[in-house]
Amino acid sequence: MRINKKNLKWWQKTIVYEAYPSSFQDTDGDGIGNLKGITMHLDYLKSFGVGAIWLTPVYASPMKDNGYDISDYYAINPTYGSMEDMEELIAEAKKRGIRIVMDMVFNHTSDKNAWFTESASSRDNAKADWYIWRDAKEDGSAPNNWGGIFGGSVWTWCETRQQYYLHTFGDFQPDLNWENPEVRRALYDVANFWLDKGVGGFRLDAVTYIKKPKELADGPVNPFMGYASVHDMTANTEGILDFLHEFRSMAVEGHDIFAVGEANGVSSDELDKWVGEKGVFDMLFEFSHVNVQFDGPQNWCQTRPWKLTDLKKAFFDSQKATENTGWYPIFLENHDQPRSVNHFLPADAENQAAAKALGMLATTLRGTPFIYQGEELGMTNVQRQSIEDYDDVLSINQYEIALNKGFTKEEALACVMEYSRDNARTPMQWDASENAGFSAGRPWLGVNPNFKTVNAALQENDESSVLNWYRSLYRLREEYSLLIDGDFGELFSDSEEIFAYTRENDNQKAIILINFTGKNVSYDAQQVFDAQPALFSGKSCVAGSLEPYQAVCYIKDKG
Ligand code: GLC
């Protein structure tokens, strides 16, 4: 599909903000953020152009994976508030032109979900086939050698049924059996319930795993894991798109919403089947740029040095892949990733100029920016002294795996610390008061000690802050439509210092230059001949050179 530039949809023109409710704002002092806390800050979000808020799961949940273990899709987690609070959030957001996007965790539920308790109660109950049950092998061992994304076997034994159930993630997250039409219908009903509440879109969690191959056969063992990776064995199994077309027709088509899939395992040559007119989603999150330092999804403690050209290649490939097909969701951070300043500019993560450089990238590539909470302040990773300070189930499991592999405690902690999902999950830093203004009580996860210098209140009044830079970037997008509808072009592809590209429509051309180093760099000034700097960070803007981490957007009219 050729994108219709004149008639882009609302979600192609706006900025999406990902809110992690537990850590956004607590209004009742229990140390955990809540829905009222999000409603309270809607004007703040509006101030840098947010038109949709993706809420990570807010449903009833035992919270073993922070809501990605849902016990009731039709109820709000009481620590987040009530259904009335949710309705109020949707209504108050709507008044400001902001839509609420729900996270649909449809690969699995919590083991405390009534669907699972019933399914687990016997081999012949009404929901007996709603999950993936298999007999043990003759010797009593698990049905196959697959290992899960959170470590360990994907199989857990159930005494009552005398069978194993499959879980791609934790043992508390049993996978639903999508082959069963009743299961699919139940999930579409959930989506429609939320559509009736007025939500503006869906993010489909872990969606490439919903279809399993017919034979759940053993696979090649990944020596580090000691298992065959469930990702390798199940991601993007043939036939998955039939399910997703059904989902689209039952829960997306006919509504003015967008659907974005978390699509680990979809390669760019398959993209046209997944997105765009013939596809099943409007956008797909793919991870090549955030995995630039890993050899594969399971090699989390074996990083490799990476160069700027590697990162640029990942982005440029995605830009090319979505040139004519679908639409790109630009993200540098999310609740599963380290903070982008640490990830991509580790030498100067605390430097506000570094956060601004990444802000330019996040808002001027071609696609819809997805900004993760705190990214607009330049929030950073957190250093912890011991594994006891971690909440994330994945980090805790990874630590254990590293110890079992012979790493020392210090080494294991170092592995976990750099990429732990908790880095992104520390409470929002609103001001310099106790607990960063996040909560009057003890936060569920310790605040990053740098909150006295990195916080929204301080940045509000500082013209040159990261927050005000995001506001400028938003205005830039509003003023120059080519930053939304313009084509993308590579520039200086071989440079290990400058991340540069162009955007171009019928009337104008933009040249975006971002210095990814902490030193002054120069480039061929001819590139910006005739153009005017529409926005730049740093002290001054001189054609042909860039200050450390300087980001510039030049614009020129076409003759
Ligand atoms: C997705 C979520 C992650 C969660 C996992 C299991 O990858 O982003 O946070 O742990 O799915 O639902």
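The values are calculated or read from the model by the stated rules, or taken from the named source; none is laboratory data. In this text the structure is predicted, and so the values were computed from the model without any measurement. Here the Cβ positions follow ideal geometry from the backbone for every residue, glycine too, while neighbour counts run over all protein chains shown.
Can you tell me which residues in segment 262-294 are under 13 Å from residue 328 (Cβ atoms) and part of a strand (DSSP E or B)?
Correct list: 275, 281, 283, 284, 285.
Considering each of 267, 249 in turn, give the residue that is modelled with pLDDT under 95, away from the ligand (no atom under 15 Å from the Cβ) and on the phi < 0 side of the Ramachandran plot. Even if it seems obvious, please write down each step before you answer.
Numbers: 249 fails: modelled with pLDDT under 95.
Going through 267, 249 in turn, just one is modelled with pLDDT under 95, away from the ligand (no atom under 15 Å from the Cβ) and on the phi < 0 side of the Ramachandran plot: 267.
Return yes or no: is residue 309 within 16 Å of the ligand (Cβ to nearest atom) and in contact (Cβ under 8 Å) with a residue 12 or more places away in the chain?
Numbers: within 16 Å of the ligand (Cβ to nearest atom): no; in contact (Cβ under 8 Å) with a residue 12 or more places away in the chain: yes.
Considered against the rule, which asks whether it is within 16 Å of the ligand (Cβ to nearest atom) and in contact (Cβ under 8 Å) with a residue 12 or more places away in the chain, residue 309 comes out as no.
Testing residue 168 on (1) touching an Asp or Glu at 6+ places or on another chain (Cβ under 6 Å); (2) more than 13 Å from the ligand (Cβ to nearest atom); (3) among the hydroxyl-bearing types (Ser, Thr, Tyr), one condition comes back false. Which one is that?
In the conditions (1) touching an Asp or Glu at 6+ places or on another chain (Cβ under 6 Å); (2) more than 13 Å from the ligand (Cβ to nearest atom); (3) among the hydroxyl-bearing types (Ser, Thr, Tyr), residue 168 misses (2) alone.
Any idea which of 324, 291 is modelled with pLDDT under 90 and surrounded by fewer than 21 Cβ atoms within 10 Å (Cβ to Cβ)? Please lay out each step first, then the result.
Working: 291 fails: modelled with pLDDT under 90.
Step by step, each of 324, 291 is checked, and only 324 is modelled with pLDDT under 90 and surrounded by fewer than 21 Cβ atoms within 10 Å (Cβ to Cβ).
Consider residue 284 carefully, then state whether it is within 16 Å of the ligand (Cβ to nearest atom), in contact with a Ser or Thr (Cβ under 8 Å, 6 or more places away or on another chain), free of Cβ contacts under 8 Å to residues at least 60 places away in the same chain and among the aliphatic types (A, V, I, L, M). So that I can check it myself, show each step before the final result.
Details: within 16 Å of the ligand (Cβ to nearest atom): yes; in contact with a Ser or Thr (Cβ under 8 Å, 6 or more places away or on another chain): no; free of Cβ contacts under 8 Å to residues at least 60 places away in the same chain: yes; among the aliphatic types (A, V, I, L, M): yes.
So residue 284 does not fit the description; no.
If a residue must be away from the ligand (no atom under 16 Å from the Cβ) and not in a loop (DSSP other than H, G, I, E, B), how many such residues does segment 116-131 contain?
Of segment 116-131, the ones away from the ligand (no atom under 16 Å from the Cβ) are 117-130.
Next, only the ones that are not in a loop (DSSP other than H, G, I, E, B) stay: 117-121.
Within segment 116-131, residues that are away from the ligand (no atom under 16 Å from the Cβ) and not in a loop (DSSP other than H, G, I, E, B) number 5.
In the list 538, 559, which residue meets the criterion of being in a loop (DSSP other than H, G, I, E, B) and at pLDDT below 95?
559
Looking only at residues in segment 132-148 that are of a type in the set (A, V, I, L, M, F, W, C) and closer than 21 Å to residue 220 by Cα, which one is nearest to the ligand (Cβ to nearest atom)? Spell out the reasoning first.
Applying the first criterion (of a type in the set (A, V, I, L, M, F, W, C)) to segment 132-148 yields 132-133, 136, 142, 146.
Checking the rest, the ones that are also closer than 21 Å to residue 220 by Cα come to 136, 142, 146.
Values: 136: 26, 142: 21, 146: 16 Å.
That would be 146.
Test each condition in (1) of a type in the set (Asp, Glu); (2) closer than 27 Å to residue 210 by Cβ; (3) more than 16 Å from the ligand (Cβ to nearest atom) for residue 65 and report the one that comes out false.
(3)
Only one of (1) more than 16 Å from the ligand (Cβ to nearest atom); (2) surrounded by 14 or more Cβ atoms within 10 Å (Cβ to Cβ); (3) at pLDDT 95 or above is not met by residue 415, so which one is it?
(3)
Please state which one of 38, 76, 32, 70 is within 16 Å of the ligand (Cβ to nearest atom), of a type outside the set (S, T, N, Q) and under 25 Å from residue 421 (Cβ atoms). Steps first, please.
On the way: 38 fails: within 16 Å of the ligand (Cβ to nearest atom); 76 fails: within 16 Å of the ligand (Cβ to nearest atom); 32 fails: within 16 Å of the ligand (Cβ to nearest atom).
Just one listed residue meets the conditions, 70.
Go through segment 306-347 and count every residue that is closer than 25 Å to residue 379 by Cβ and not in a helix (DSSP H, G or I).
Qualifying residue count, segment 306-347: 14.
With the condition kept exactly as written, say whether any residue in segment 33-42 is assigned to a loop (DSSP other than H, G, I, E, B), crowded, with 22+ Cβ neighbours inside 10 Å and in contact (Cβ under 8 Å) with a residue 24 or more places away in the chain. I'd like the intermediate steps shown before the answer.
Our first condition is that a residue be assigned to a loop (DSSP other than H, G, I, E, B); within segment 33-42, this holds for 33-34, 41.
Add one more test, that the residue is crowded, with 22+ Cβ neighbours inside 10 Å, and what stays is 33-34.
Still in the running and in contact (Cβ under 8 Å) with a residue 24 or more places away in the chain: 33-34.
Yes; the residues of segment 33-42 include at least one that is assigned to a loop (DSSP other than H, G, I, E, B), crowded, with 22+ Cβ neighbours inside 10 Å and in contact (Cβ under 8 Å) with a residue 24 or more places away in the chain.
Within segment 65-102, which residues are assigned to a loop (DSSP other than H, G, I, E, B) and basic (Lys, Arg)? Break it down stepwise before answering.
First, the residues of segment 65-102 that are assigned to a loop (DSSP other than H, G, I, E, B): 65-71, 77-82, 96-98.
Selection gives 96 alone.
Residue 184 fails exactly one of the following numbered conditions: (1) farther than 30 Å from residue 39 by Cα; (2) within 16 Å of the ligand (Cβ to nearest atom); (3) among the basic types (Lys, Arg). What is the number of that condition?
Exception for residue 184: condition (2).
Those residues that are surrounded by 20 or more Cβ atoms within 10 Å (Cβ to Cβ) and more than 15 Å from the ligand (Cβ to nearest atom), I need them from segment 91-114; list them, please. It would help to see each step written out before you state the result.
The initial filter retains those residues of segment 91-114 that are surrounded by 20 or more Cβ atoms within 10 Å (Cβ to Cβ), namely 93, 98-111, 113.
93, 98, 99, 100 - these are the residues of segment 91-114 that are surrounded by 20 or more Cβ atoms within 10 Å (Cβ to Cβ) and more than 15 Å from the ligand (Cβ to nearest atom).
Can you confirm whether residue 423 is crowded, with 20+ Cβ neighbours inside 10 Å, out of contact with any strand residue (DSSP E or B) (no Cβ under 9 Å at 6 or more places or on another chain) and assigned to a loop (DSSP other than H, G, I, E, B)?
Values: crowded, with 20+ Cβ neighbours inside 10 Å: yes; out of contact with any strand residue (DSSP E or B) (no Cβ under 9 Å at 6 or more places or on another chain): yes; assigned to a loop (DSSP other than H, G, I, E, B): no.
Answer is no for this residue.
Count, please, the residues in segment 84-122 that happen to be in contact (Cβ under 8 Å) with a residue 60 or more places away in the chain and among the hydroxyl-bearing types (Ser, Thr, Tyr).
Matching residues across segment 84-122 total 2.
Restrict the check to segment 382-391 and report whether at least one residue is within 16 Å of the ligand (Cβ to nearest atom) and out of contact with any strand residue (DSSP E or B) (no Cβ under 9 Å at 6 or more places or on another chain). Full working, then the answer.
Keep residues of segment 382-391 that are within 16 Å of the ligand (Cβ to nearest atom), which gives 390-391.
Restricting the remaining residues to those that are out of contact with any strand residue (DSSP E or B) (no Cβ under 9 Å at 6 or more places or on another chain) gives 390-391.
Yes.
Working only within segment 192-247, note down all residues that are among the β-branched types (Val, Ile, Thr) and under 29 Å from residue 370 (Cα atoms).
Result: 199, 207, 208, 210, 230, 234, 237, 240.
Going by the conditions given, is residue 468 part of a helix (DSSP H, G or I), among the polar types (S, T, N, Q) and more than 22 Å from residue 539 (Cα to Cα)?
no
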